[in-house]
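A quick write-up on the structure given underneath.
The values are calculated or read from the model by the stated rules, or taken from the named source; none is laboratory data. Remember, predicted model here, so these are calculated numbers, not experimental data. Don't worry about glycine lacking a Cβ; one is built from the backbone with ideal geometry, like all the others, and counts go over all protein chains shown.
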Amino acid sequence: MVSYTVRLATRYDGLVIATFPDLPGITALGRDDEEACDEARRALAEALADYEQAGLEPPRPATAGGVTLSVELVARPVAV
């Protein structure tokens, strides 16, 4: 299991955006903190699976503090 820090911010329209300081470009959006975290967990799992499928090592979690989300890495079958 791997854990990354997620940052939550409320946008001007009331939606909550979740970002990962250690994984630039991975974001999620929700109507509230709970939904944003749920969506962020899905985005994190997908991003880490994409790294694995590409044969790349994902960035190591380096940011401390704040909310952390954990995902269990499960190998996906490679499409040919």
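Here are a few things to note about the model shown:
Yes/no matrix, rows are residues, columns are (1) of a type in the set (Asp, Glu); (2) outside any strand (DSSP E or B):
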site: Ser3; (1), (2): no, no
site: Ala9; (1), (2): no, no
site: Leu23; (1), (2): no, yes
site: Glu34; (1), (2): yes, yes
site: Ala40; (1), (2): no, yes
site: Ala45; (1), (2): no, yes
site: Asp50; (1), (2): yes, yes
site: Gly55; (1), (2): no, yes
site: Pro58; (1), (2): no, yes
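- The residues of the range 3-32 that are touching a residue at least 24 places away in the same chain (Cβ under 8 Å) and either in contact with a Phe, Trp or Tyr (Cβ under 9 Å, 6 or more places away or on another chain) or exposed (fewer than 14 other Cβ atoms within 10 Å of the Cβ) (or both), listed by number, are Ser3, Tyr4, Thr5, Val6, Arg7, Phe20, Pro21, Asp22, Leu23.
- Tally of residues being crowded, with 16+ Cβ neighbours inside 10 Å and over 13 Å from Val6 (Cβ atoms) across the range 33-51: 2
- Test: residue in the range 68-77 that is modelled with pLDDT under 90, charged (D, E, K, R) and loosely packed, with under 13 Cβ neighbours inside 10 Å: yes
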